[in-house]
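Below is one structure; the comments refer to it alone.
The values are calculated or read from the model by the stated rules, or taken from the named source; none is laboratory data. In this text the structure is predicted, and so the values were computed from the model without any measurement. In this analysis, Cβ positions are derived from the backbone assuming ideal geometry, glycine residues included, and neighbour counts consider all displayed protein chains.
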Amino acid sequence: MVSLIAFFDEITLDDTARVGGKGANLGHLTRAGYDVPPGFCVLASAYDAFISSNDLEPRIMGIIGDLHLEDLEAVEAGMERVRGLIECAEVPPGIEDEIREAYRRLIRSAGVPDARALVAVRSSVGTRDLSATSFPGQMDTYHNVRGEDDVIDKVSRCWASAFSYSATVNRRARGIDHMDVFVAPLVQMMVQPETAGVVFTANPLSGRRDQMVVNSCLGLGEGVVSGEVEADHLVLDRETLDVLEETTGDKRVKFVLDEGSGCGVLRVAVEGEEARSQCLTSAQVTDLGATAREIDELYGRPQDVEWAYEGGRLYILQSRAASMPDVEAAGAAGREHGGAQAGEDGEHDDHDQGAPRHGEGRELDRLPDHQREHDAERDPERGADQRRDDALVADHAPHLALRHADGAQHPQLARPLEHCQHERVHDAEEADDHRE
């Protein structure tokens, strides 16, 4: 029997057709020796078998075929029906058994007692002909997932997210057949960071290859992605790693594990010196800069690297080709000796699946996915025209707040993180009330 699972240390960039862009890059980084939290991929063939065994394709295409795709409210309602079909469908026993066994193997290898083990379930995406492996802001990611049953449920929900509202509209705009896209979910050990963020190995505002840009926040990177936290911002000299520019963000909240329940995420108020201080030490800045530079050299083109520090240890959560002005020629030259990177789709302006975060700065009392919901898709206050534009310009949606030299935030030249949907995130006081 052909396995439907591949662990990160078994995956190379040549496996993109089986594992999607994110999975291929995490495998490449793992095999290159970087500290990537261990995990495995549920292969594209498992998605295909799930769709086939439940005879879902004709029902999915029947719903989509009846839609007038210019009627965005109808599209949204139709995609909710499709997602419901997929989420309620049975995962074939053979696939479920393989996922459960791989989960047990992952937990054993990590040396974490099963009762305390937490994982992330992340969407990795591609198309059959490899014309695209990049669908930003459209597929789901789930954090702080506990136990085999929850993992199976979240894998199914990641499959269903192939038919989110934004994914459907974006595919139509790009001329991609709806059934040509696959989701290969990743199950990965969670990191509970003291600080997290992103580093661009070329300056995404100017395109300068002699500079790198770091954005960081306390706790999970959700603080930056949601717009509720103003990130610390550093510009580094690529060669010396000296800090050329430094702006300390107003970090009034952070997102951390809900230790009372053992899973989920709390929004915790940050006050005093902690809120006003840079969240990276000078040694960490140097460590992070040197590691990001190595990853840039590994791929041979500018990178957008997600990272986290837990217990003083640097973890690499993802790397993908960065899109920015005046660097595409350098990227092409790099590919001559570095090879194509998973996530490149020929246009070089897409990023791996991520979550454009709309309504930055809005106060949301509760957030999904142990992270924040991609609320623009279901926000009744946003008009249909605006939601259509959101889906079509997802490639240019804000991710981590970049700054001009005058300190003003730049909302566009950054990549979105993953679309996160899960159980709701509580404020710390609200969580205390529930436990009482």
Test result for Glu259, at pLDDT 85 or above and among the charged types (D, E, K, R): no
Unmet criterion (only one of (1) under 20 Å from Thr247 (Cα atoms); (2) free of Cβ contacts under 8 Å to residues at least 40 places away in the same chain) for Ala321: (1)
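Can you tell me which residue among Asp140, Asp153 is surrounded by fewer than 24 Cβ atoms within 10 Å (Cβ to Cβ) and charged (D, E, K, R)?
Details: Asp140 fails: surrounded by fewer than 24 Cβ atoms within 10 Å (Cβ to Cβ).
Within the list Asp140, Asp153, the selection yields Asp153.
Could you grab me the full set of residues in the range 49-96 that are of a type in the set (Asp, Glu) and part of a helix (DSSP H, G or I)? Talk me through it step by step, then tell me what you get.
Step one: of the range 49-96, the residues of a type in the set (Asp, Glu) are 55, 57, 66, 70-71, 73, 76, 80, 87, 90, 96.
Of everything in the range 49-96, those that are of a type in the set (Asp, Glu) and part of a helix (DSSP H, G or I) turn out to be Glu57, Glu73, Glu76, Glu80, Glu87, Glu96.
Each row is one residue, and each column tells you yes or no for (1) aliphatic (A, V, I, L, M); (2) surrounded by fewer than 19 Cβ atoms within 10 Å (Cβ to Cβ).
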| residue | (1), (2) |
| --- | --- |
| Ile11 | yes, no |
| Ala32 | yes, yes |
| Phe40 | no, no |
| Ala46 | yes, no |
| Asn54 | no, yes |
| Ile63 | yes, yes |
| Glu73 | no, yes |
| Tyr103 | no, no |
| Val112 | yes, yes |
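Mind telling me which of the residues Gly94, Gly78 ends up being loosely packed, with under 14 Cβ neighbours inside 10 Å and not aromatic (Phe, Trp, Tyr)? Give the steps one after another, and end with the answer.
Details: Gly78 fails: loosely packed, with under 14 Cβ neighbours inside 10 Å.
Matching residue, one of Gly94, Gly78: Gly94.
Scan the range 254-277 for residues that are of a type in the set (D, E, K, R) and in a strand (DSSP E or B) and jot them down. Give the steps one after another, and end with the answer.
So the first thing to find is which residues in the range 254-277 are of a type in the set (D, E, K, R), and the list is 254, 258-259, 267, 271, 273-274, 276.
Scanning the range 254-277 gives Lys254, Arg267.
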Val19, sole failed condition from (1) under 19 Å from Ala308 (Cα atoms); (2) under 17 Å from the mean Cα position of the chain (by Cα); (3) not acidic (Asp, Glu): (1)
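Could you count how many residues in the range 162-204 are of a type in the set (S, T, N, Q) and farther than 27 Å from Lys254 by Cα? Before the answer, list the steps.
Filtering the range 162-204 down to residues of a type in the set (S, T, N, Q) leaves 164, 166, 168, 170, 188, 192, 195, 201, 203.
Then keep just the ones that are farther than 27 Å from Lys254 by Cα; that gives 164, 166, 168, 170.
Qualifying residue count, the range 162-204: 4.
Listed here are the residues, each with its yes/no results for (1) surrounded by fewer than 23 Cβ atoms within 10 Å (Cβ to Cβ); (2) modelled with pLDDT under 95; (3) in the same structural domain as Arg301 (by TED's automatic domain parsing); (4) more than 18 Å from Ile295 (Cβ to Cβ).
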{"position": "Val213", "(1), (2), (3), (4)": "no, no, yes, no"}
{"position": "Cys217", "(1), (2), (3), (4)": "no, yes, yes, yes"}
{"position": "Leu220", "(1), (2), (3), (4)": "no, yes, yes, yes"}
{"position": "Ala231", "(1), (2), (3), (4)": "no, yes, yes, yes"}
{"position": "Asp242", "(1), (2), (3), (4)": "yes, no, yes, yes"}
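Can you tell me how many residues within the range 288-316 are assigned to a strand (DSSP E or B), surrounded by fewer than 24 Cβ atoms within 10 Å (Cβ to Cβ) and in contact with a Gly (Cβ under 8 Å, 6 or more places away or on another chain)? Spell out how you get there, then give the answer.
Of the range 288-316, the ones assigned to a strand (DSSP E or B) are 303-310, 313-316.
Next cut, surrounded by fewer than 24 Cβ atoms within 10 Å (Cβ to Cβ) only: 306, 308-310, 313-316.
Now restrict to residues that are in contact with a Gly (Cβ under 8 Å, 6 or more places away or on another chain): 306, 308.
Result for the range 288-316: 2.
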Given (1) more than 22 Å from Asn25 (Cα to Cα); (2) surrounded by fewer than 20 Cβ atoms within 10 Å (Cβ to Cβ); (3) polar (S, T, N, Q), number of the condition Gln192 does not satisfy: (1)
Qualifying strands (runs of 3 or more DSSP E) (wholly inside the range 159-253; at least 3 residues being of a type in the set (S, T, N, Q)): 211-218
Residue count for the range 58-115, restricted to those that are within 29 Å of Glu259 (Cβ to Cβ) and among the β-branched types (Val, Ile, Thr): 3
Boolean, Asp237 is farther than 21 Å from Ser319 by Cβ and more than 17 Å from the chain's Cα centre (by Cα): no
Any hit, the range 61-75, residues being farther than 30 Å from Asp296 by Cβ, at pLDDT 95 or above and over 23 Å from the mean Cα position of the chain (by Cα): no
Criterion: in the same structural domain as Ala184 (by TED's automatic domain parsing) and closer than 29 Å to Asp9 by Cα - qualifying residue of Pro58, Pro92: Pro92
